[in-house]
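> My questions will all concern the structure given below.
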Amino acid sequence: MNLQLSLAQTLGLINLFLVIYILIDSFEKISIYKEYLTGGLFSWSLLRKNSFFTSRSESFRNFIDVIFPARPWFFLIALRIVCCLSLLVLPTASPLLVCSYAVLFIIGSLMNLRNLAYGAESENRFSLIIIGALLLRSLVPTDMVTLAALWFIALQTCLSYLTAGISKLMNVNWRNGNGFKRIATSYEYTSIKKVNIFFEEHKTLTRSINWLIIVFECAFPVVLFAGRGVLWCFVIGGIILHVTIAIGLRLGKFFWIWVATYPALIYITQR
Amino acid sequence: MSIWEIVIILILIVWLVANVCYSLMNKRIAHYTFRIDLFRWLSAFQLFSRNIESFQLSYRDMLADQSITQWELVILNQQWRSYHAIWFPGRAIDDCAKSMMTDLVHIIRKDHSGFGRKKIKERFIYHALSHFLKRYPQNEGSLGRQFRIQDKENNEVFISDFYNE
């Protein structure tokens with residue numbers, strides 16, 4: 001494949017995937033707004049009882065008590081939607097772009113803080129890496145900084161796959177070839193009975209996929225050096241992996257945010 | 001290269017190196033970074049690498065005449081739908097409840113006495129789980145609710161007292 005991406009196309013594609021992720025995530029949160037009201041699982045009246053918050057200074061607690069209750073929180077979510085849409089319409093050199101990225105970064109960070117009791121969402125954590133890099137790039141939008149930001153995003157992607165691959169290698173179940181089986185045959189994770197039964201019956205295939213995932217994740221950083229053929233194999237492999245995760249495990253947001261980094265990988269390696 | 005370019009590139013390098021360190025020494029330094037890294041800017045993505053242990057949550061009520069109802073199983077797996085690949089807001093709630101159960105079991109296994117550094121009943125997770133169960137209907141005049149967590153083989157891992165919040 002000989003697809004070439006210009007710098008503008010690369011940044012445009014990263015922004016597009018990022019915007020889709022933020023829109024889905026924000027509207028999902030709005031659709032379960034009742035959980036943020038008193039009595040809900042994400043209500044501030046409940047979350048603020050977590051010892052992480054109660055052990056903080058009074059001024060800190062006063063500050064979060066102002067921004068984390070449902071009404072101000074949904075104002076911030078709405079602001080997040082507006083800012084992410086602005087990424088699609090603002091020109092790349094617009095100073096307003098800095099404000100949009102800054103707001104997205106701050107709200108994303110606050111989301112992690114607010115949800116601390118249950119654990120910050122992985123997708124949101126990863127989105128902050130991309131938004132942070134683009135924010136820094138928009139502050140000084142020179143060629144050098146843009147390239148550094150794209151390298152940063154590409155290296156963080158490689159690091160995420162490598163970490164996942166190595167931690168699977170450290171896990172005895174994955175080393176025995178049963179890690180994937182546990183996910184694919186457990187209704188808790190893959191809530192499709194036919195799929196559970198299929199992988200239960202096809203043990204060789206299940207083990208092969210188990211090792212394919214480990215090899216794919218551990219070898220992912222190779223894309224940075226191994227040439228275009230290898231890059232496209234990994235990009236297509238990554239898309240298949242994330243589509244499968246989205247359909248099987250219903251983790252659709254992972255797809256948008258991880259695939260958002262692929263244009264950076266493509267741009268870096270084509271240079 | 002301008003000074004601002006150098007500053008930005010340095011920030012990116014520091015962030016990347018910090019993330020590499022966090023990924024390499026996650027278990028050792030997470031305890032410290034937990035309190036410092038308020039916004040979770042550091043991440044180690046060990047996607048699906050940990051051993052999966054699934055638990056079942058059920059509850060029962062004590063009625064006004066002090067009789068006790070049957071255990072009701074809480075279903076935390078919504079039926080699979082093709083659109084869930086793109087749109088699945090319910091996952092946040094299911095995942096949260098599962099995460100709370102896993103955390104509570106982790107605490108219990110670490111401290112069988114229940115009188116460790118912090119009584120289990122005083123834990124946020126215990127409180128959040130009982131709060132979560134409020135969404136399931138309770139008979140009027142009920143004296144309290146009790147919940148239990150079972151492992152995959154239906155062994156009881158934890159049973160709460162009757163509580164009435």
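> Averaged over B:53-63, how many beta carbons belonging to a partner chain fall within 10 Å of each residue's beta carbon?
Taking the mean over all residues of the peptide, I get 1.
> How far is the Cα center of region A:63-120 from the Cα center of region A:195-235, in Å?
Using only Cα atoms to place each centre, the spacing works out to 35 Å.
> To continue, here is another question. How do B:67, A:94 line up, fewest other C-beta atoms within 10 Å first?
Lowest to highest Cβ neighbour count: B:67, A:94.
> Here is a follow-up. Which of the peptides B:10-21, A:176-187 is most tightly packed, and how do the rest follow, going by the mean number of other Cβ atoms within 10 Å of each residue?
Per-residue Cβ counts within 10 Å, averaged per peptide and sorted highest first, yield A:176-187, B:10-21.
> Rounded to the nearest 20 debye, what is the charge dipole size of region A:9-153 about its Cα centre when +1 sits on each Lys and Arg Cβ and -1 on each Asp and Glu Cβ?
Dipole size: approximately 380 debye.
> Going from the alpha-carbon gyration tensor of chain A, what semi-axes, largest first and in whole Å, does one get by taking the root of 5 times each eigenvalue?
After diagonalising the Cα gyration tensor, the semi-axes are 33, 28, 16 Å.
> Further, regarding this structure: Quote to one decimal, in nm, the extra length available between residue A:243 and residue A:207 on full extension: 0.36 nm per residue of separation minus the C-alpha distance between them.
11.0 nm
> Counting other Cβ atoms within 10 Å, which trypsin sites (Lys or Arg not before Pro) in region B:1-50 have at most 15 and lie in a DSSP loop?
In loop regions of region B:1-50 (DSSP not H, G, I, E or B), the sparsely surrounded trypsin sites (Lys or Arg not before Pro) are B:50.
> Something else now. Positive end of the dipole of region A:140-231, charges at C-beta (+1 Lys, Arg; -1 Asp, Glu), about the Cα centre: which of A:215, A:150, A:185 has its Cα farthest in that direction?
A:185
> Return the average number of partner chain Cβ atoms within 10 angstrom of each residue Cβ along peptide A:157-169.
For this peptide, the per-residue mean of nearby foreign Cβ atoms is 5.
> Oh, and also: Once amide H atoms are built 1.01 Å from N in the peptide plane, which residues 5 or more positions from residue B:47, or in another chain, come under 5 Å H to H?
A:164
> Given axes a ≥ b ≥ c from the Cα gyration tensor, I'd like to know whether region A:113-208 is rounded (a/c under 1.5), prolate (a/b larger than b/c) or oblate.
prolate
> Show the residues, 5+ positions off or on another chain, whose built amide H is closer than 5 Å to the amide H of residue A:120.
Placed amide hydrogens put nothing under 5 Å from residue A:120.
> Taking the radius of gyration and the Kirkwood hydrodynamic radius from Cα positions alone, what is the Rg/Rh ratio for chain B, to two decimal places?
1.11
> Please report the spacing between the Cα centers of region A:167-193 and region B:145-161 in Å, no decimals.
If you average the Cα positions of each part, the centres end up 24 Å apart.
> Along the Cα→Cβ direction, 7 angstrom out, place labels at residue A:78 and residue A:143. What is the inter-label distance in nm?
Each label point lies 7 Å from its Cα, and together they span 4.4 nm.
> Give me the net charge of residue A:257's neighbourhood, meaning all other residues with Cβ under 12 Å from the Cβ of residue A:257; Lys, Arg count +1, Asp, Glu -1.
-1
> Summing Lys, Arg as +1 and Asp, Glu as -1, what charge do residues with Cβ under 10 Å from the Cβ of residue A:180 carry, residue A:180 excluded?
With Lys, Arg at +1 and Asp, Glu at -1, the net is +4.
> Answer rounded, prolate or oblate for region A:68-125, using the Cα gyration tensor with square roots of eigenvalues a ≥ b ≥ c: rounded when a/c is under 1.5, else prolate when a/b is larger than b/c, else oblate.
Note, shape of region A:68-125 comes out prolate.
> I need A:33, B:59 ordered by Cβ neighbour count within 10 Å, fewest first.
In order of increasing Cβ crowding within 10 Å: A:33, B:59.
Where a number appears in this text, it was derived from the coordinates with a stated rule and is not lab data. Everything numeric in this text was worked out from a predicted model, so none of it was measured. When we count neighbours, we look across all protein chains shown, and the Cβ atoms used for this are built from the backbone with ideal geometry, even at glycine.
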